[in-house]
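Asker: To start, I am sharing the structure in question, which I have written as structure tokens.
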Amino acid sequence: MSDLKERDKKHLWHPLTQHKTAREMLPIVKAKACILTDDNGNEYIDGISSWYTAVYGHCHPFITNKVAKQMQNLDQVVFSGFTHEPAIELSEALIKILPAGQQKMFFNDNGSTATEIGIKMALQYHHNLGNDRKVMLAFENGFHGDTFGAMSVSGLSVYNGAFKDHFIRVKRLPVPNGENNSEVISTLKMLIAEHNFAGFIYEPLIQGAAAMQFHNAEGLDEILKICWENEIILIADEVMTGFGKTGKFFASDHLQQKPDILCMSKALTAGLLPMGLTSCTQKIYDAFYSDEIAKGLFHGHTYTANPLACTAALAALELLTSEEIQHKITEIARQNNAFANKIKYHPKVKNLRTLGVILAFELDVETDRYGSLRDKIFDFFMQRGIALRPLGNTIYILPPYVISEKQLQQIYLAIEESLSVF
Ligand SMILES: *Cc1c(COP(=O)(O)O)cnc(C)c1O
């Protein structure tokens, strides 16, 4: 028994936490492949790839070895005025798998800064061209991060409500669900007639923080097409959906209309080091390319294109594009579908959905009766050696691609059991 829990409470302030009502934080002392180990030696399957990052498993030796080697040679250098091979190689490798049209890449530190820069690119694009377009369009209930621009375009919630008087201007559109597509399109047309939109930011197909809600691909494509025709810059926030989770490299690959700007982070660096990346088309870049200095994108983070993070991302891409990982992704998707077919008619399973390695559903139980339902579901799975992060009554999994058949079955079994317990 360690005293980490007590020492944690003394000086640490955890993210997304109301410390007065929150429970103690569980110390994790080791992470290897799909297993997290706590300070008492208990093991848990990492069923959500540590917030969608460690999709190749934790501490993958292929990645850690490359980063360790890079560490001996070049750790950090200013990326303004200097460049280096890890960043160059990463850009060359990424271009091969990014959706058609992506051409330039701007480095940053995390998912929030990746979308923040996407928003700034869209706003300054129009500013540089002399267009009076200062309003952003976003989906209701979207989540794009916790910095001010990212917060502004996220749906209002406990996360960002305290700051709403300081937001950039944004209008919100309901997500298309297949049934409401024509209503959403009329709302969109009305909004476009009333506001000068600079850009539309969207999580393609799946809204992660909104409890893994899926929306309709045809509806989204129609929205994107109308925005594109109206010169509204399309910003795909693929921070969660990127790098294979939906069964394709990017969720945008499921859509006809390709984005002007694409935001990446999370699995970009395989959970090893923090980094974000915002890519864009030549058209966006060209609007900043000028003899006028002020038309440049004057945004920069100290650790921009950190060589270690670039090396981790490059190694991760090598794994992602390998036959082995591609096969694993297809296999998990197949097993998820089989499991979904097995439980979809269960009376407690509502709104069951799968795409790629993601499987989600709502537990159809009276949520008010269980004020702390979320905690109870969390504990239920932890007691069975599975780390999930239920959101309200939503249970979802996003397992590492390297999960074994046995571990995946263990998760399914616990989910089935949960249906008779709650
Ligand atoms: C997690 C997430 C972000 C924010 O990323 P951070 O690295 O946590 O700042 C932005 N957009 C989406 C879709 C995300 O899932």
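The values are calculated or read from the model by the stated rules, or taken from the named source; none is laboratory data. From a predicted model like this one, the values you see are computed outputs, not experimental measurements. Cβ coordinates were reconstructed from backbone atoms using ideal geometry, including for glycine residues, and neighbour counts include every protein chain displayed. SASA here: full protein model, heavy atoms, side chains in, ligands and nucleic acids out. Shrake-Rupley method; radii C 1.70, N 1.55, O 1.52, S 1.80 Å.
Asker: Check off (1) open to solvent by 70 Å² or more (accessible area, probe 1.4 Å); (2) under 23 Å from the mean Cα position of the chain (by Cα); (3) at pLDDT 95 or above for LEU16 and give me the number that stays unchecked.
Answerer: (3)
Asker: Tell me which of these GLY142 doesn't satisfy, since it passes every other one: (1) more than 27 Å from LEU314 (Cα to Cα); (2) of a type outside the set (A, V, I, L, M, F, W, C); (3) away from the ligand (no atom under 16 Å from the Cβ).
Answerer: So the condition that GLY142 fails would be (3).
Asker: Among the residues in the range 31-46, are any aromatic (Phe, Trp, Tyr) and surrounded by 14 or more Cβ atoms within 10 Å (Cβ to Cβ)? Working first, answer last.
Answerer: Within the range 31-46, the first condition is being aromatic (Phe, Trp, Tyr), and the residues that meet it are 44.
Imposing the further condition that a residue be surrounded by 14 or more Cβ atoms within 10 Å (Cβ to Cβ) reduces the set to 44.
Looking for residues that are aromatic (Phe, Trp, Tyr) and surrounded by 14 or more Cβ atoms within 10 Å (Cβ to Cβ), one finds at least one in the range 31-46, hence yes.
Asker: Something else about it: Return the residues of the range 55-89 that are β-branched (Val, Ile, Thr), surrounded by fewer than 18 Cβ atoms within 10 Å (Cβ to Cβ) and farther than 24 Å from LYS283 by Cβ; say none if nothing qualifies. First the steps, then the outcome.
Answerer: Residues of the range 55-89 that are β-branched (Val, Ile, Thr), as a first pass: 55, 63-64, 67, 77-78, 83, 88.
In the following step, the residues that additionally are surrounded by fewer than 18 Cβ atoms within 10 Å (Cβ to Cβ) were identified as 64, 77-78, 83, 88.
Across the range 55-89, the qualifying residues are THR64, VAL77, VAL78.
Asker: Would you please list the contacts, defined by Cβ atoms under 9 Å and residues six or more apart or on different chains, that run from a residue in the range 239-252 that is within 19 Å of THR113 (Cβ to Cβ) to a residue that is within 12 Å of the ligand (Cβ to nearest atom) and among the basic types (Lys, Arg)?
Answerer: Pairs that qualify, where the first residue is within 19 Å of THR113 (Cβ to Cβ) and the partner is within 12 Å of the ligand (Cβ to nearest atom) and among the basic types (Lys, Arg), are VAL239/LYS266; MET240/LYS266; GLY242/LYS266; PHE243/LYS266.
Asker: Return the total of residues in the range 209-220 being within 16 Å of the ligand (Cβ to nearest atom) and modelled with pLDDT of 95 or more. Before you say what the answer is, go through the steps one by one.
Answerer: Looking only at the range 209-220, we keep the residues that are within 16 Å of the ligand (Cβ to nearest atom), and these are 209-215, 220.
Those still in the list that are modelled with pLDDT of 95 or more too: 212-215, 220.
Of the residues in the range 209-220, 5 are within 16 Å of the ligand (Cβ to nearest atom) and modelled with pLDDT of 95 or more.
Asker: For the range 90-201, please list each of the helices (runs of 4 or more DSSP H) lying entirely inside it that holds at least 1 residues being touching a residue at least 12 places away in the same chain (Cβ under 8 Å), open to solvent by less than 10 Å² (accessible area, probe 1.4 Å) and closer than 26 Å to ALA270 by Cβ. Quick ask: steps written out before the conclusion?
Answerer: Working: elements: 111-129, 148-153, 181-194.
Answer list for the range 90-201: 111-129, 148-153.
Asker: Another one. Could you list all residues from the range 190-205 that are in contact with a Gly (Cβ under 9 Å, 6 or more places away or on another chain) and not hydroxyl-bearing (Ser, Thr, Tyr)?
Answerer: Looking only at the range 190-205, we keep the residues that are in contact with a Gly (Cβ under 9 Å, 6 or more places away or on another chain), and these are 199, 201-203.
GLY199, ILE201, GLU203 - these are the residues of the range 190-205 that are in contact with a Gly (Cβ under 9 Å, 6 or more places away or on another chain) and not hydroxyl-bearing (Ser, Thr, Tyr).
Asker: Another question, if that's okay. Restricting the first residue to the range 272-284 and requiring it to be of a type in the set (Lys, Arg), which pairs with a second residue that is part of a helix (DSSP H, G or I) meet a Cβ separation below 6 Å and a spacing of at least six or different chains?
Answerer: Once the first residue is of a type in the set (Lys, Arg) and sits in the range 272-284, no partner that is part of a helix (DSSP H, G or I) comes close enough.
Asker: Yes or no: the range 327-336 includes at least one residue that is under 30 Å from ALA122 (Cα atoms) and either among the polar types (S, T, N, Q) or at pLDDT 95 or above (or both). If you could, list the steps in order and put the result at the bottom.
Answerer: Initial filter on the range 327-336 (under 30 Å from ALA122 (Cα atoms)): none.
Checked against the condition, which is being under 30 Å from ALA122 (Cα atoms) and either among the polar types (S, T, N, Q) or at pLDDT 95 or above (or both), the range 327-336 yields no hits at all.
Asker: Of everything in the range 400-418 that's of a type in the set (A, V, I, L, M) and either buried (at least 21 other Cβ atoms within 10 Å of the Cβ) or touching a strand residue (DSSP E or B) at 6+ places or on another chain (Cβ under 7 Å) (or both), which residue is nearest to VAL55 (Cα to Cα)?
Answerer: Just the residues of the range 400-418 that are of a type in the set (A, V, I, L, M), to begin with: 402-403, 408, 411, 413-415.
Applying the additional criterion that residues be either buried (at least 21 other Cβ atoms within 10 Å of the Cβ) or touching a strand residue (DSSP E or B) at 6+ places or on another chain (Cβ under 7 Å) (or both) yields 402-403, 408, 411, 414-415.
Values: VAL402: 7, ILE403: 9, LEU408: 14, ILE411: 16, ALA414: 21, ILE415: 21 Å.
Per the criteria, the residue is VAL402.
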